[in-house]
Each structure stands twice: as structure tokens, then as C-alpha cells.
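All remarks here apply to the structure that follows.
Every read-out reported here was derived from the displayed coordinates using simple, explicitly stated rules and does not represent laboratory data. Quantities reported herein were computed from a predicted structural model and do not represent experimental measurements. Here the Cβ is made from the backbone with ideal geometry for all residues, glycine too, and neighbour counts use every protein chain on show.
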Amino acid sequence: MNKTSSGLVLLIFAFGLGALFLINISLGSVSLSLPEILNGLFSKTGMASEILWQFRLPKALTCILAGSALATGGLLMQTLFRNPMAGPDVLGLTSGASLFVAVLLMASHYSGLLLIQSSWSVAIAAGMGGALVFLLIINIARYVRDNTALLIVGLMISAATSSIVSVLQFTSQADDLQTFMIWMLGSVGSTNWSELLVLAIMVGVGLAISIALIKDLNGLLLGEAYALNLGINTKRARVIIVITTGMMVGAITAFCGPIAFVGLAVPHLVRLFMPTSDHKILLPAVMLGGAVLLLCCDILAQLPGSTQVLPLNAITSLIGAPVVIWMVIKTKRISV
Amino acid sequence: MSEPGNIALQTSNLQVGFTTGNQNLFLFEPLSIQLVKGELVCFMGTNGIGKTTLLKTLAGIHIPFSGFITRNQSVAIVLTDKISGSLMTVRDLVTYGRYPYLNWWLTLSQRDHELIDHAIRLVHLESIAGKQLHQLSDGQLQMAMIAKALAQDANILLLDEPTAHLDLNNRVEIMNLLRRLARDAGKTILVATHELDLALQTADRIWLATPDQKIVTGIPEDLVLNGTFDQVFQLKGFDLKTGKIQHTPFRKVSVNLSGAGPEFLWTKNALQRNGYEVANDATLKVSVSSLHGMVSFYLETDKQTQQLSSIEELLIALRALTD
């Protein structure tokens, strides 16, 4: 893959992102035309403006942030673990978050504590759960030497927390259970501007750090021994990669719930479009690709022409999985 | 031994090993050993004795228990580790060699490009520089890994079994390349290898890991003649002093072979392989002659002489006579 052709693909991705962003904010229970959108964006009065600034823009921006963050997290994990099966949730963060949210939504009933179930409390619970698992993983990462062992630990933590969540689901009341199930299905439509600001800062910092790690990430592809011989501080790189992924994925899970599939699939889809292992090309492509995919899924979730909205996780996997299967069959191989 | 100024790498009381559970596993007795500038050293020893760990320790990517390593020069290493990133091209892989000198954005200077091109030329991979790693054969991938190490522009090269799983042609090519690099470019090269025959014919010096956890060093020929190799490898059926596989003359038939050149040598090989003893006082005579590129074999007994055109025919005729 040479520089010009990869630059061209990146440009196409960027244009696609812009177009999808416009389509995304134009669709919904009320369709808006391009002049209406432009008018609504700048006039700050009227119905179109209300719809755009209150609902559509935060949702579309959340899509972009979540898509970029999850896809980048997936790429970082696949490179760190040198495993094509790795995704942003392999560290057990999502499971930790869902455990705490499950406790908040389903067990508060028993504890007698009347917790206020607002979007912020769910976000805080998810953030705390993610952070706790994350601290655990970071500490384990300092002791276990190889990355595969760390991967297994992450998967075990996921297994353990999901079993607690199952017990909670089994014993909870129908209403609480439904609230939790809806959170588990993921949503980009419930963020307001103040939440969006927090999200943007955390994702922005995460993406910037990822870009700064290009050399380390490339080096890690050769394995720890070669990377060390090339003067890369693998221990430091590993900790920074884990922290960065944890921060981005934790933030997204806190505000949007556990969004499946994007993190695992986007790096593969991108590599099928632009066959390269160079993170200098892969990282920006994956950031754009993640945003594009999630915007697409959100457009489809709105069921154009209807007021019904489908759960995001159902769409991401339903649309994404056949696409990945088709592309894998077509190219006959998958790689990190 | 050489003067101190010529030493590329030196260890003193180096304790190499690794920790399993709470136990420290020492692989060798404390090592005080050195690599001389511009020498090609083959490091031999049985599987699992700790060659890879010692190489990694010398390269500074494995931490020793105690002791010192003195090296004034940079080290590049070629391991047997599998690498990911099979979508990268050969050139991308060789570019990794420049990483120690690059900034975070991986900006390549003109000199970097030149060194990368030079490394690719040295291993003769120009024609496949644009190929992706998953399209390469094992030998080509190994050559590309060596090119990466060369692009590192390090004076010391440590290679772990660079010829494993390769065919004879590739093995000889790699060893010849290393020979050239040591002699012409003045690189100091340490190769861990199991290829006894190649090591004996190319190495300036041998490091031999013995079962009592020591490393014996010396010139290959000395180690052959004083029997150190036999002790370590306990060679079965391979006569190191002649460099040949031992044959038992099970047919109890002696043949007096005469002739010259490669035809003579290969006929002798065929006879011995098939259990004939080659002796000067035998009554059964075989002579090989080559005239204008035509090779003829003559099988003489007291009674008759047969002319044969191939070694296969000769063997059939011999069997008919003696069985």
C-alpha cells in the first residue's frame, strides 16, 4: 500500500463521514432537508433548530466519538495482544461496567438505598465498574509477563462478572430488568451537551495518545523481544496502551452502554480496504472507519420513514457480521 | 587470544537463566567469554541448553541474574519468534531496522532510505521488496529478517538458528552471507545453529555448550580433533574426522576402485553406501574414465570386462556378479 493510494482511501473515508453525518442529522421521526438543516444550525430558533441542537447533533456527535474510540480501542488491543480476536472489551472493562450498572439498576431495590436512577448515576456506576476492573487489570499487567496471559485474565474477569450479572438478572423485578436490558443494548441517543463534553475530552485525549504511540504499536507487531531490540520500551508502551483503551472504552460504555462489534470489526474491515500493518495509516483509517460504521448503523436503527428506533447493538452486529464474513470469504485471510 | 582493542563484546561472570515460580534456573556456570571483532562465531549445543536465552541476554533484552556484559557497540538480533503484521511488505519490515534512530512520527531521512535499500540489496531481495510477508517463503522471510537486522547498522549481529527449516541452498546462502558480512563489513556475528557441517566449514570460532553447563570455545578444527564435539553430540554413525557418515561394508566384498575427479568420488560414495568395501588390494576392479564429457565405468574380473554407462548399471552388474 503506497502513500498516495492510502491517502486517497483516507480522503474517501473523510468525505463519507461528512456525508453520513448530514444524512444522519436529516433523518428521524421528522425528516429535514439540507436547507432546513443549514437554517436550523445557524438560526437557533424554530423547530428544526430545536430538533437539531437538542437531539440530532448530540446523537450524531456521540456516534462519531463512540465509533472512533471503540474502533481505535479494538485496534490497540489487537496489536497489543497480536490476536485478531481481540476487541476493546477483552480487558473486562465492559463487564465491570455492566456489573456496576446491574447492581445500580437491579439490586438497589434490595439494599434499601434509594439511588437516583438518572443518566449521570448510570454513567458514574459504569465508569466506576470499568475503572475498578481496569485497576485490577493494570496491577495484574505489572506481574504477568506475557500478553496472552493478560488476555486470559481479562476474559476470566468478564466471565466472572457476567455470572454475577446473570444472578442479578435472575432475581430482579421485571421493570428493573427491562431498564438494564435496554442499557445493555447500547444507545447513542441519550447524551446531552454536558455529557458530550466529558465524552469528547476523554475520547480526544485517548485518540491523541494513540497517535503518539504509532512507533510503539508498529514495534509491538514484531513481538516483545524484537521491539526491545529496536529500542522500544515495551513495558511502558503496554501500560499506556491499556490505560488509553481503558479510558476511551470506559467513557463510551459509561454514556452509551456496551456497544458491541464495532471495536472488533472495524480494524479488520479497514485492513481489507487498505492492506497495511502500518499504524500511521491504520490509526486514522480506523478512527474514521469506526465513526462511519456507527453513523451508518444509527441511520439504519432509526428505520427511515418510521418513528420506531431499533436497539443499536442489534443493528451493529446484524449489519456488520455478514459484511465481515463476506469480506473474509472474499479475501480468504485475516491478520493483525 | 586477541588484544583488548579487538573485543566487540565481553562478559564477566555472567549468570544467565530465568525464574520459574520461586526458583531461579541457572543455565550456565558463570560465563566469562568474548566475541572478537569481525569474527563469525557459531554457537552450538543440544536443544534446550539455553542458547536462545544467552543470545537474548547478550542483546540486552533478557536480564541476567548477575555479572556484566561489556559491549561498546550496538547489537541487532534475529530470532525465531513469529511476527505479526503479515500485511507489511519486505521493505516495511526492513524499515524497522531504522526504528532505534527514528522519531515518534517515523520520519525517514535520505540516509535511512539508503541504508534500507543497501540492506535489501545485500540479501538479494530487491525483486520482492514490495511483496507482503504472507506471500514469502520461509527462506525469503528469514532473509528479510536478516535485512532488518542489517538495516539496524549494528556492529554485532546475534542470530538464533537462522537456517532452521530451510533447504540446503538457502542454508548455504545465509551462511555465506554471514561469512561475507564478517569478512568484508567487519561485523561481529554470533550464530546459534544446529548445522554442524555448515558451522565447521564457515565459522572462525565455535562456542560449544557442554552438558556440564560450560561453554567451550575454540577453532572448529581443534574441537573436532580433540574430541569435544563427540563428547557433546555423542555422534551416532557420523565420522566427524572425515566428515562422512560411517558405512559398514556389510556385503563383505572388496572393490579396487580407480579413476579421478568427482566421478571417482561419487562412485566411491555409491559403493560404500551399498555396503562394498573400497580397497586397493581387491581382485574385483572398477575403473572410472571420463572422455569428452562421456563417463564410462569398467567392471573387471579375472574372466571378463564389462563397460557400463551409469553408476546404477554398475551396481546392478556388481550385484549380479557377487550375489
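Give me the distance between the Cα centres of the stretch B:12-41 and the stretch A:179-248, rounded to whole Å. After rounding, the separation between the Cα centres reads 39 Å.
Is the C-alpha gyration tensor of the stretch B:66-189 telling us rounded, prolate or oblate? Criteria: a/c under 1.5 is rounded; beyond that, a/b larger than b/c is prolate, otherwise oblate. Rounded. Distance from the alpha carbon centroid of the stretch B:211-273 to that of the stretch B:100-140 works out to 41 angstrom. Taking all Cα pairs closer than 8 Å and separated by 6 or more residues, the relative contact order of the stretch B:254-322 comes to 27 percent. Here the sum of -39500 (n - 2.57) over DSSP H runs of 4 or more residues, divided by the residues of chain B, equals -9500 deg cm²/dmol at 222 nm, to the nearest 500.
Derived value for chain B: Kirkwood hydrodynamic radius 23.0 Å. Basis is the mean of 1/r over every pair of different alpha-carbon atoms. Ordering A:Ser194, B:Ser12, A:Ser210 by the number of other Cβ atoms within 10 Å of each residue's own Cβ, fewest first, gives A:Ser194, B:Ser12, A:Ser210.
In a DSSP loop and with at most 16 other Cβ atoms within 10 Å, the trypsin sites (Lys or Arg not before Pro) in the stretch B:44-98 are B:Lys82. Label zone (B:His194, point 7 Å along Cα-to-C-beta; backbone nitrogen cut-off 17 Å) within the stretch B:72-95: B:79-82. If you run the Gaussian network model on chain A, springs between alpha carbon atoms under 10 Å, then out of A:Pro267, A:Pro58, A:Pro35 the most flexible one is A:Pro35.
Here the residues B:Phe229, A:Phe55, A:Phe15, ranked from fewest to most Cβ neighbours within 10 Å of their Cβ, fall in the order A:Phe15, A:Phe55, B:Phe229. Label sites at A:Asp175 and A:Phe55, each approximated as a point 7 angstrom past Cα along Cα to Cβ, lie 2.5 nm apart. Applying a DSSP loop filter and a limit of 13 other Cβ atoms within 10 Å to the chymotrypsin sites (Phe, Trp or Tyr not before Pro) in the stretch B:248-323 leaves B:Phe250. Applying both filters, DSSP loop and at most 14 other Cβ atoms within 10 Å, to the trypsin sites (Lys or Arg not before Pro) of the stretch A:238-336 gives A:Lys332, A:Arg333. Annotated for chain A: lysine pairs at least 8 residues apart or interchain, Cα distance under 26 Å, count 10.
The mean sequence distance of close C-alpha pairs (under 8 Å, at least 6 residues apart), as a share of the length of chain B, puts its relative contact order at 16 percent.
Charge tally for B:Ala279 (other residues, Cβ to Cβ under 14 Å; Lys, Arg +1; Asp, Glu -1): +2. Here B:Asn169 and A:Ser166 are evaluated by their C-beta separation; at R0 = 60 Å the FRET efficiency comes out at 0.50. For the stretch B:184-323, relative contact order (Cα pairs under 8 Å, six or more residues apart, normalised by length) works out to 13 percent. Could you tell me which of rounded, prolate or oblate describes the stretch A:3-331, using a ≥ b ≥ c as the square roots of the eigenvalues of the alpha-carbon gyration tensor, with rounded for a/c under 1.5 and, failing that, prolate when a/b is larger than b/c and oblate otherwise? Judged from the Cα gyration tensor, the stretch A:3-331 comes out oblate (a/c at least 1.5, b/c at or above a/b). One decimal place: the segment A:Ile124-A:Phe15 gains 35.7 nm when fully extended, by the rule 0.36 nm per residue minus the C-alpha distance. Using every pair of distinct Cα positions in the protein assembly as shown, the Kirkwood expression returns a hydrodynamic radius of 29.7 angstrom.
Dividing the summed -39500 (n - 2.57) terms of all DSSP H runs of n ≥ 4 by the residue count of chain A sets its mean residue ellipticity at 222 nm at -24500 deg cm²/dmol. Here the calculated FRET efficiency for B:Glu300 and A:Ala321, from their Cβ-Cβ distance with R0 = 60 Å, stands at 0.15, rounded to the nearest 0.05.
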